[in-house]
Amino acid sequence: MTLRLAHASWPAVTTGMTVLVPIGSTEQHGPHLPLSTDTTVAVAVAERVAVELGAVLAPALPYGASGEHQGFPGTVSIGTDALAVVIVELVRSISNWAGRIVIVNGHGGNVAALSYAVPLLRDQGHRVSWVPCAVTGDAHAGRTETSIMLHVASELVDLSRAEPGATAPLHELLSDLASRGVAAVSPNGILGDPTGAHAFEGGELLDHMVAGVLRRAAQDIVDERGCRADPVAAR
């Protein structure tokens with residue numbers, strides 16, 4: 001059984017354990033997915049990885065750097081600088097009793113903060129690294145994320161409101177996304193097409209995410225960003 005830090009008493013926590021910290025976001029995911037999508041996925045991945053590693057599952061950090069989604073009501077972004085400070089302070093505190101810390105990241109916008117904070121912490125002697133919830137698919141709130149959410153939290157998905165968004169290749173949208181945000185290229189907030197999403201497909205995608213994190217966790221190969229390398233991708 002996974003030890004959930006939020007539900008445990010302090011005597012149940014053994015000094016030197018591996019701790020997984022899911023980090024996501026609170027940001028729009030189209031009209032059919034909840035604002036908690038990235039956090040929900042990060043927790044789902046971390047839960048399964050924690051079982052395999054015999055690790056402690058820490059409460060998720062539900063706020064990240066989501067400025068590109070700020071054009072949509074409901075989005076809550078603390079920005080890269082604030083997120084980096086939060087990561088530093090979380091790790092410094094957890095390191096007082098943990099053996100190693102692995103941050104499980106569910107939102108691409110958090111990468112800049114992680115890439116700054118984690119190497120800084122490692123230079124200070126903390127045994128910390130981060131891993132992405134990575135899988136090939138469309139960019140945001142499309143078939144990929146919708147399928148995963150149908151698998152892990154179908155009660156939060158409203159398929160009756162699923163519709164295509166901006167379906168151009170991401171590289172064609174990047175300039176406008178960076179300068180004007182998601183709303184400028186996709187009024188409904190979707191980058192992709194969620195129609196046809198299915199829970200079975202989502203289960204397979206989640207399996208790939210979990211397998212990728214476990215591969216990274218199994219080897220102590222950490223790049224200059226503090227991210228654990230995937231030995232398969234490195235071949």
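Values computed for the structure shown
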quantity	calculated
Distance between region 78-131 and region 146-196 - C-alpha centres, whole angstrom	28
Long-range HN-HN contacts of I103 with modeled amide H, under 5 Å	V21, S129, W130, V131
Highest average packing first - 123-133, 88-98, Cβ atoms within 10 Å	123-133, 88-98
Protection-proxy order for peptides 32-42, 136-146, 174-184, each taking the mean of Cβ atoms within 10 Å per residue, highest first	32-42, 136-146, 174-184
Highest average packing first - 61-72, 197-208, Cβ atoms within 10 Å	61-72, 197-208
Candidate values [x] 14.5; [y] 12.7; [z] 13.7, label of the one derived for mean projected area of the Cα convex hull in nm²	[y]
Furthest towards positive pole of dipole, A44, V222, P73, structure part the chain, Cβ charges	V222
Cβ-based charge dipole, the chain, positive-most Cα from P169, A139, V91	V91
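Values quoted throughout were computed directly from the atomic coordinates according to the rules given, and no laboratory measurement underlies them. If you're wondering where the values come from, they're calculated on a predicted model, not measured in any experiment. Cβ atoms come from the backbone with ideal geometry, glycine included; neighbour counts cover every protein chain shown.
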